[in-house]
Amino acid sequence: MTEKDFRRIALSFEGAEEGSHMGSPDFRVGGRIFATLASIKEGYGNLKLTLEQQAAFVEELPKVFLPIHGGWGRMGMTHIRLAAASEDVLEGALRTAWKLRVEQNAKTAKKSSRTKRTT
C-alpha cells in the first residue's frame, strides 16, 4: 500500500476529513484525529488505537504493525508499515481507528451536554 492508498481509504469513512498536524497530513472525524501520515518518510502510516487494539494488531501481524516509539506508543499510537499491508488490512486498521474516534467523540459530546445542563 502507498500514501495515496492510505489517504483514499481514510477519506472513504463517513465524516472523515484531511487536515494538517505539525505540517503532516492527518485524518479527522468530528474535528479529532484518528490517523496521520506523519511518518510517511519512514514508510509508515499512524493510527490512534487503544492499547488493547494495538496489542491485538501487533500480535496478529507483527511485520505490519508496531507501537510508535516512546510515550505515544504507550498511549496506543501505532505504526502500520504500508509496504507490508494488504488493502484489507489497511482498510480494517483505519476503520478501527476511525470507529474508536467516533465513539470517543460521542462520549465527549455526552459529557459536555451533561455539564452544560448542570451549570
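Here, each number is a calculation from the coordinates, and none is a lab measurement. Keep in mind the model is a prediction, meaning the values are calculated, not measured. With ideal geometry, Cβ positions are generated from the backbone for all residues, glycine too; neighbour counts draw on all protein chains shown.
Things worth noting here:
- 15 Å beta-carbon shell around T2, net charge (K/R +1, D/E -1): 0
- Positive-end ranking of S12, I68, V29 along the dipole of the chain, with charges on Cβ about the Cα centre, is headed by V29.
- Zero-based 5 Å bins, Cα pair distances in segment 16-80, whole percents: 4, 20, 26, 26, 16, 7, 1
- Fraction of the pair-distance distribution of the chain above 16 Å, Cα-Cα pairs, percent: 59
- About the Cα centre, charge dipole magnitude for the chain (Lys/Arg +1, Asp/Glu -1 at Cβ), debye: 800
- Out-of-range pairs (alpha-carbon distance over 22 Å; input K4/K107; K63/K107; K48/K99): K4/K107; K63/K107
- Candidates G30, G71, G92, ranked by Gaussian network fluctuation over the chain, Cα under 10 Å, top entry: G71
- Environment charge at D26 (Cβ cut-off 14 Å; Lys +1, Arg +1, Asp -1, Glu -1): +2
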